[in-house]
Every structure is written in C-alpha cells, then in structure tokens.
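Each remark here refers to the structure printed beneath this line.
The values are calculated or read from the model by the stated rules, or taken from the named source; none is laboratory data. Note that this is a predicted model, so its numbers are computed, not measured. Methodologically, a virtual Cβ is constructed for each residue, glycine included, from the backbone with ideal geometry; neighbour enumeration extends over all protein chains shown.
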Amino acid sequence: MKTSSLGYLIREGFRSLWTNRNMALASVGVLLSCLVLLGSAVLVVLNINQAVGWMESQNIVMVYLKSGTTQADIDAVQSKFGQIDNIAETKFISKEEALETQKKALGEDGDLFDGYKGENPFPDAYQVSVKDVERYTETVEELRGITQVEKVSERTEEAETMLNVRNTVSVISFWVIGLLILVALFIISNTIKITIYERRLEVSIMKSVGATNGFITMPFIIEGMLIGLIAGLLSTGILWYVYGLAADGIFKMSAFATLIPFSDVGWLILLCFLGIGMAAGALGSFISVQRYLRTNGGGVYNVL
Amino acid sequence: MIEFRGVTKTYPNGTTALKDINLTIEDGEFVFIVGSSGAGKSTFLKLIIREEVANAGKIRVNGFDFSTMKKRDIPYMRRTMGIVFQDFRLIPKMTVFDNVAFAMRVTGAPPRQIRKRVSKVLALVGLSHKARCMPGELSGGEQQRVGLARAMVNNPKMIVADEPTGNIDPERSFEMVKLLSEINRRGTTVLMVTHEMSLVERFDRRVIQIDDGSVISDTGVRESHEDE
Ligand SMILES: Nc1ncnc2c1ncn2[C@@H]1O[C@H](COP(=O)(O)OP(=O)(O)OP(=O)(O)O)[C@@H](O)[C@H]1O
Ligand SMILES: [Mg+2]
C-alpha cells in the first residue's frame, strides 16, 4: 500500500473516531475495565507466587524419627529420601544437636534441661526442603510413609491460604476476563457498526468506484485499534496508580510485607495491554466491516 | 464492451426482472435504455456492475467474464466503469473538489496525480469555478455534473448512468446528455437509462427498449454523431 494512502487511511480513522466519540468512549470503557482486571489478577498472582516462594525457602519440613533409632535406621531413612524426587536437600539434626540448640535458645533457663541428664527428650530429625511447593502435601505423605518416621511437621497455614487465594483468583479472573473480552469485542464491533452506518454513503461510493474491500475496511480497523490503544494506555496508568495505593496500604499493615515494584513489570504490562487492546479493537472492527460488506449494506444501489 | 447471452435474473422473492436477454454493446457506443417503470432497466445495470448476479446466461463486461471472475476482481472490473446515480450521491460534508478526488483516493492514486486529474474533469463538466463549493450550494444540474466528473475521474472505458436526468429540469437534462455525448465523442462508451422519451428523441442514438424483462426493440448500432 502506498504511503499517501496510508496517511489518508490513518486520518480517516482518527476523524471517524472523533465523530463517533460517545460510542468510542463506551468501547474504551469496557476494554479498559477488562484490562485493569486482567492486570490486577496478574499482579495478585505474581505477588502471591513471590510470597509463597519466599515462604518455601523459609519453610523447611521437619521430619522427626522414632525414638531409639540406630545408625542403620538413619541410613535407611537417608536412602528413602533419595527415592522422593521432590526433595531439594536434607540436613540431619541429631538429638544431641537439638538439645544444644534448645538450651541456647532458652539462654539462662537452659539449665532446666540439666534434669534430663542421660535421657535426651528430643528425637533425631531431618530438615527437608521441598522443590515444588505445589506437590507439598504429596511429599509430606510420602515422608510419613517411611517406617522410621514418627511425625512430619505441617506446613504453615499462611502459605496454604495464599496458594488457595492464588488458585481462586486465577480461575475466577480467567472466566471473568474471558467474558469481558467477549463483551468488549461486542461493544467495539457495535461501535464500528454505527460508524459504518453513518458512513454508508461513502462506503457505497467506494464500492462503486472500485475500492477494494481491504481499502474500505482499513479506516475502520484503524479506528478500532485507536480505541484499543487508548484503553491500553489508560488502563496501565490506572493500574499503576491503584497498585501504588495497595502497596502503601500493605506496607502500613506490615512493614515486612512488600509487593513487587510496579517498575519491574510496568513495561511488560503496558506492552501486553497495548497488544491486547489493539488486537481486540482490530478484531471487533474486522468482524463488523466484514458482516456489513457481506450483506446488502455493502452494495452500490439502494443503500441509503 | 458488454455482452449478454441468454441472461435471466430472478430475485430471491421470485420476481423475474429480466428474461433471456441477448445483446452486445460495442466500445465507443452511446446507448439509451428505455422502458416503463419496473421493466427491468435498473436490474440490467445492476448486472453490468455486478451488484446482482444473473441466474442463467453469460455476461462479459470490458474483458471480464463474470462466470469465471473472482470476487476479489470485482473492484478492478468496476474501475473500468464510472457510475452516475439519479440522486447524485455526493458526500454533503465534502467540497466539490474532494467529492471528485475521493473516487481517486480510494483506489490508491497519488495526491499529485489526483490534483491534476480532478481539475481536468471539473473543467470538462464546466465546474472549475465551483471546486471549493459544498454540494448543497449547487443546483441539481450542477450536482449531477459533479457526479459525472466523479464517474469520469478514474478514466473509465464506460459510463453507466441510471436516470441521471431524473432529478433535474428538462433544459439541464438536455445539457447533461450533450455533455455525455461529448464524453462519448472522446471515446468513452455511454449507457444511459431513462424513461424520458422526449429527451431520447432529440438525439439520434441507439435505443434499447425493455418491457417486462425482455428487449422489445433495439435500433442497433448508429453512426456516433448527434443529430438534433
Ligand atoms: N431487490 C429486489 N428484490 C426483489 N425484486 C426486485 C428487486 N429489485 C427490483 N425488483 C423487481 O424487479 C423488477 C424490475 O425492477 P427494476 O428496478 O429493474 O425496474 P426499472 O426498470 O429500473 O424501474 P424504474 O423505472 O421504476 O426504476 C420490478 O418488478 C421490481 O419490483
Ligand atoms: Mg430503475
């Protein structure tokens, strides 16, 4: 396509967007809600992943062995660990070490344990770190299955809750966003339908002088993409602002909990939003124009 | 050149608008198509511009064989013809110049060529001085001349006009046909539908009369000079 035509088509796209600004605004609104929701969901999921990842590194599963374990038992347990693929690393803590640690932790009251001389109340134990937090429960069950194991410490409830929240957010937002994208496509194609209807005289003249369908479609596609562009820019701005507020709020609640900085993901989000927005705009337009050109509206006679 | 061989057109509601039409219109001819209301004149033009598709028969227009032509070739086929409508069909919010330029722009012509060519066709229809006017500021006759300029701007082989004088007074109608004759004299085929027999009688041209979907008379090819 020649550059002079391209300039003409882009001007036409802008002109038509402006003439039709009320409907265009509605389209921008729906697309924008859709994108903000998508962005929020992604940010929630990313932050939970980060938090759970952190907990995972902190959260070492304690495996306590039955009392009266011999060296043979300890070796047996060690080899069982080798068969569980979700184990990242293990560290043996003997009952003597456990006692020492506990004494130190109690400080001055450490001599309380002096009464136990000769009879250590702590079991031998392993610190086990898990590779994939998703398979946590499964791994805990496997550890419990080892005969020499007395008990396995449970994972913290916070991590469990967070993973549940994350999964729920993912599933719900997937459906809601899917639905909203359909609504956005519907509204965009209706907006463009109105534009086409307002310009049916021009379209019929274009057809009569032999403009190709591609050429006729182009200004409308550009108009749709402009809608997407505006929605993409605005929604990134809104998300940035709201995320800032949320980060502040969470920081006030607990100084240790910090969110991923927006600047880490902002450019990617902007890029994705522009891409999704413009693709939705172009698609919505395309559907509408094709439908119009296929029906009698796309004719030369009797279109007014 | 237009060739119809055994062409029949029945609309989806069952109305047969044209029955077994056979005719040939050579390049450079000037043809009036006459007939009463509902005879099938517009249907004939719609088949030529491929707005409607024939149910039977063969149609060839300006080297395009409609039975083998692809859908995506229709725009290129239409560039070989200029269409003039009874109701002018000018875009109200564009100047006369832009209305004519529009037809070139949407076929991808470069701006410099557009300026030159639009000035030329506006001069041809005698409206150079109205180039900056809006269509609403023109008389009916002038508006139709703009319509004709637009039809001419892409340098078509053929002008197809459906009652171009239907909305203008008799004196302007006569001038309009003279203008079409001038265009024809320069080599463009002209096809004009009208039901004003008094107008047709003032020009010695080939006349095809359609009634109830059939050609009932055809004066055949004439020498292409007018004879008032
Ligand atoms: N889209 C259509 N659907 C069904 N019937 C149609 C359609 N267009 C035209 N007809 C019918 O076909 C016949 C021929 O119509 P056409 O428009 O070709 O007549 P015409 O000679 O141009 O008449 P007029 O002088 O009034 O313009 C008429 O009976 C008309 O009612
Ligand atoms: Mg008619």
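Against the definition (closer than 25 Å to B:ILE91 by Cα, within 14 Å of another protein chain (Cβ to nearest Cβ) and within 16 Å of ligand 2 (Cβ to nearest atom)), how does B:ALA151 come out, yes or no? Judged against the criteria, B:ALA151 is not a match.
If I ask for residues that are surrounded by fewer than 19 Cβ atoms within 10 Å (Cβ to Cβ) and more than 15 Å from ligand 1 (Cβ to nearest atom), which ones from region B:21-46 would you list? Please lay out each step first, then the result.
Of region B:21-46, the ones surrounded by fewer than 19 Cβ atoms within 10 Å (Cβ to Cβ) are B:22-24, B:26-28, B:36-38.
Those that are surrounded by fewer than 19 Cβ atoms within 10 Å (Cβ to Cβ) and more than 15 Å from ligand 1 (Cβ to nearest atom): B:ASN22, B:LEU23, B:THR24, B:GLU26, B:ASP27, B:GLY28.
Could you count how many residues in region A:206-244 are more than 14 Å from every other protein chain (Cβ to nearest Cβ) and β-branched (Val, Ile, Thr)? Working first, answer last.
To start, the set of residues in region A:206-244 that are more than 14 Å from every other protein chain (Cβ to nearest Cβ) comprises A:221-244.
Keeping just the survivors that are β-branched (Val, Ile, Thr) gives A:221-222, A:227, A:230, A:236, A:238, A:242.
So the answer is 7.
When B:ILE49 is tested against the conditions (1) surrounded by fewer than 20 Cβ atoms within 10 Å (Cβ to Cβ); (2) within 14 Å of the chain's Cα centre (by Cα); (3) within 15 Å of ligand 1 (Cβ to nearest atom), the lone failure is (1). None of B:ALA123, B:ALA101 is at pLDDT 95 or above, assigned to a helix (DSSP H, G or I) and under 23 Å from A:GLU12 (Cα atoms) except B:ALA101. Picking from residues in region B:54-63 that are away from every other protein chain (no Cβ under 12 Å) and not small (Gly, Ala, Ser), the one that is surrounded by the fewest Cβ atoms within 10 Å (Cβ to Cβ) is B:ASN55.
Across region B:24-42, the qualifying residues are those that are within 16 Å of ligand 2 (Cβ to nearest atom) and in contact with a Phe, Trp or Tyr (Cβ under 8 Å, 6 or more places away or on another chain), and the one among them that is farthest from A:GLY297 (Cα to Cα) is B:PHE32.
From the set of residues in region B:70-111 that are under 16 Å from the mean Cα position of the chain (by Cα) and basic (Lys, Arg), which is surrounded by the most Cβ atoms within 10 Å (Cβ to Cβ)? This residue is B:ARG78. Go through region B:13-53 and give me each residue that's among the acidic types (Asp, Glu) and within 14 Å of chain A (Cβ to nearest Cβ). Listed by number, the residues that qualify are B:GLU51, B:GLU52.
Looking only at region A:248-290, residues that are more than 15 Å from A:PHE220 (Cα to Cα), among the hydrophobic types (A, V, I, L, M, F, W, C) and either buried (at least 17 other Cβ atoms within 10 Å of the Cβ) or in contact with a helix residue (DSSP H, G or I) (Cβ under 8 Å, 6 or more places away or on another chain) (or both) come to 11 in all.
Specify which of the listed residues (A:GLY284, A:GLY277, A:GLY298) is within 14 Å of chain B (Cβ to nearest Cβ) and either touching a Pro at 6+ places or on another chain (Cβ under 9 Å) or touching a residue at least 40 places away in the same chain (Cβ under 8 Å) (or both).
Working: A:GLY284 fails: within 14 Å of chain B (Cβ to nearest Cβ); A:GLY277 fails: within 14 Å of chain B (Cβ to nearest Cβ).
After ruling out the rest, the residue left standing is A:GLY298.
In region B:1-72, counting only strands (runs of 3 or more DSSP E) that sit wholly within it, the ones holding 1 or more residues that are of a type in the set (Ser, Thr, Tyr) span B:2-10, B:16-25. A single entry from B:ARG78, B:ARG117, B:ARG60, B:ARG132 fulfils the requirement of being touching a residue at least 24 places away in the same chain (Cβ under 8 Å), charged (D, E, K, R) and within 18 Å of B:ASP162 (Cβ to Cβ): B:ARG78. For region A:135-169, the set of residues classified as part of a loop (DSSP other than H, G, I, E, B), modelled with pLDDT under 80 and over 22 Å from A:VAL44 (Cβ atoms) consists of A:SER153, A:GLU154, listed by residue number.
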